[in-house]
Amino acid sequence: MLKDADVVVVVKEIEIALLWDKDTPFKRYLTDKGFDCEVVTPGVLAAPFFSVAGYKLVIVQAGFGNELYSRILKELRANSVFIKNFVKAGGTLLVSGALSNKDAYNWLPVKIKYVMGKRRVRIEVIKEHRAAVIVEKEECMCDGYFEEAEREWEVILKVKGDKDEKAILVLSEYGAGEIIATTIHEYPTERFIAYCVGK
């Protein structure tokens, strides 16, 4: 017979937080691939009972800067210190395209300039890196590109054959963690997510 002192509570660690303001099909995609994730509304980040410390990966999906898709940009800006501290402590932040021409990335601790423009592109690997497996094909849909990403960011993928070197996946180490920014407008591969959560 079990006594109260003999009861063991097993708490399953959630690996991934999807910062979004409503349920999203992206969560189903990740759980179908075997990852533990939950949708976290950015307003919860500042709540005294909440901590992002238990997560390995925080994802801000495509369209976060466009009010037709989401209204989280204001919350991301208001809670940027919590996101910054998560990465600094060793977490990975994945930020997709904003789908907006306004400065939707000014909440990140590292500056980057995004130019919106949805189109299919051919991919060129600039630097061999595990993050380059975000897609496993030579062409993909992108919602824009990054300019002036050379200073604080490593360019991993760019638009192939483009003389302007348009970056579509960049990475910046920040503290003990890293920030990955991409304009690839497709779900990331299972291998890419496994890399991000450290598997």
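Taken together, the values in this text are just the output of simple stated rules run on the coordinates, not laboratory data. Not measured: the values here are computed from a predicted model. Counting neighbours? That spans all protein chains shown, and the Cβs are built from the backbone with ideal geometry, glycine included.
So if R0 is 25 Å, what FRET efficiency would LYS118 and LYS160 give, r being the distance between their Cβ atoms, rounded to the nearest 0.05? Provide the component values of the computation, followed by the final result.
Details: r = 17 Å, r/R0 = 0.69.
With R0 = 25 Å, the Cβ-Cβ based efficiency is 0.90.
Taking a point 7 angstrom from the Cα of ASP21 along the C-beta vector, which residues in segment 30-46 have backbone N less than 12 Å away? From segment 30-46, the list is 41-43.
Using Cα pairs closer than 8 Å and at least 6 residues apart in sequence, work out the relative contact order for segment 90-199, in percent. Mind dumping the intermediate values first?
Numbers: 233 pairs, mean separation 35.5, N = 110.
Rounded, it is 32 percent for segment 90-199.
Label zone of GLU152 (point 7 Å out along Cα→Cβ, amide N under 11 Å): in segment 105-136 this covers 106-113.
Normalising by the residue count of segment 12-196, find the relative contact order in percent from Cα pairs under 8 Å and 6+ residues apart. Walk me through the numbers on the way to the answer.
Working: 409 pairs, mean separation 36.2, N = 185.
Relative contact order for segment 12-196 comes out at 20 percent.
Quick check: Cα centre of segment 139-168 to Cα centre of segment 106-133, how many Å? The two parts, judged by their Cα centres, are 5 Å apart. Considered as an equivalent ellipsoid built on the Cα gyration tensor, the chain has semi-axes of 31, 19, 16 Å, the largest given first.
Which longest uninterrupted range of the chain lacks any GluC sites (Glu not before Pro) assigned by DSSP to a loop state (not H, G, I, E or B) and surrounded by at most 16 other Cβ atoms within 10 Å? Longest site-free region, per DSSP loop and neighbour criteria: 68-127.
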